[in-house]
1. Checking the condition among the hydrophobic types (A, V, I, L, M, F, W, C) and either modelled with pLDDT under 95 or farther than 25 Å from ILE37 by Cβ (or both), which residue from LEU174, LEU136 passes?
2. Hey, any hits in the range 28-45 for a residue that's under 28 Å from THR196 (Cβ atoms) and in contact with a Pro (Cβ under 6 Å, 6 or more places away or on another chain)?
3. Quick one: in the range 113-130, of everything that is assigned to a helix (DSSP H, G or I) and either open to solvent by less than 50 Å² (accessible area, probe 1.4 Å) or among the polar types (S, T, N, Q) (or both), which residue is nearest to LEU182 (Cα to Cα)?
4. Taking the range 49-101 only, how many residues are assigned to a strand (DSSP E or B) and among the charged types (D, E, K, R)?
5. Examine the range 69-83 for a residue that is open to solvent by 10 Å² or more (accessible area, probe 1.4 Å), in contact with a Pro (Cβ under 8 Å, 6 or more places away or on another chain) and under 28 Å from HIS209 (Cα atoms), and state whether such a residue exists.
6. Can you give me the number of residues within the range 89-108 that are open to solvent by less than 70 Å² (accessible area, probe 1.4 Å), of a type outside the set (Ser, Thr, Tyr) and under 28 Å from CYS51 (Cα atoms)?
7. Can you tell me how many residues within the range 131-190 are in a loop (DSSP other than H, G, I, E, B), within 28 Å of VAL65 (Cβ to Cβ) and of a type in the set (Asp, Glu)?
8. Which of the residues that make up the range 51-63 are under 16 Å from the mean Cα position of the chain (by Cα) and at positive phi?
Amino acid sequence: MGADDVVNTQGLKKRFGPLEVLRGIDFRAGTGEVVAIIGSSGSGKSTLLRCLNLLEIPEEGRLSVAGETIGFIETRRGRAPADRKQVDRIRSRLGMVFQGFNLWSHMTVLQNVIEAPIHVQGRARREVEAEGVALLEKVGIAEKRDAYPSQLSGGQQQRAAIARALAMRPDVMLFDEPTSALDPELVGEVLKVIQTLAKEGRTMLLVTHEMGFAREVATRVVFLHQGQIEEDGPPAQVFGAPRSERCRQFLAAQLRH
């Protein structure tokens, strides 16, 4: 593991029944890198992110986050984390933004943002509220602080979800197709927020089908095919002169859409 690696996996494998979704992933992301993860549907992109924050438990392989290697034990039901406190600690260092927002419907936008820092991290309410308002300002929805998720557009809900993830002060932001559930006219407002975060030097892993955005914002692009990394390099190389034939075919098909 490199000294500046925030995320590092070696030989990561994940199966769902007979289907091997990840087939030995060696992956790393250094501090300040913005890594776009691209590939066809079913290639393992979202599963990789879900393994990183232990929403899915890999059957094999090593996984380190922020310099801490995650311990696993074998149980009768399969592999499991050895230490629940370690799982909670790791998850607090990874801010996850899902396709479907996952906001609590019975809480206002501001309550959604401040809930975890207060109750999980034990931080002072006054400090967290001030930070929460500033984060809503950053993502452009400060005026919606007292609204409920059902009163927001999809783009506004996703921006609230980004603010909620940032409120935990994570080491890494994980974005799982953050615009795929949005109407086309709302995609830009969410991508603009992510672009702002990238310029701040945040470490981010972004599963996306927005190729133009990946090319513009990412410092590195990783192409997954059938659970394996087929291509990994700077955007100019991956998009301009991919070494993998499968990556070439995928990008050509994207351009035709």
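1. So the residue among LEU174, LEU136 that is among the hydrophobic types (A, V, I, L, M, F, W, C) and either modelled with pLDDT under 95 or farther than 25 Å from ILE37 by Cβ (or both) is LEU136.
2. No, the conditions are met nowhere in the range 28-45.
3. Within the range 113-130, the match that is nearest to LEU182 (Cα to Cα) is VAL113.
4. Start the filter on the range 49-101 by keeping residues that are assigned to a strand (DSSP E or B), which leaves 60-65, 68-69, 72-75, 78-81, 94-97.
Remaining after also requiring among the charged types (D, E, K, R): 60, 62, 68, 74, 79.
Looking only at that region, the number is 5.
5. No: the range 69-83 contains no residue that is open to solvent by 10 Å² or more (accessible area, probe 1.4 Å), in contact with a Pro (Cβ under 8 Å, 6 or more places away or on another chain) and under 28 Å from HIS209 (Cα atoms).
6. Residues that pass the stated criteria total 9.
7. Qualifying residue count, the range 131-190: 2.
8. Of everything in the range 51-63, just one residue is under 16 Å from the mean Cα position of the chain (by Cα) and at positive phi, namely LEU54.
The values are calculated or read from the model by the stated rules, or taken from the named source; none is laboratory data. Quick caveat, the model's predicted, so the values are computed rather than measured. Positions of Cβ are generated from backbone atoms using ideal geometry, with glycine treated the same way; all protein chains shown enter the neighbour counts. Ligands, DNA and RNA are excluded from the accessible area calculation, which covers all protein heavy atoms including side chains. Shrake-Rupley method; radii C 1.70, N 1.55, O 1.52, S 1.80 Å.
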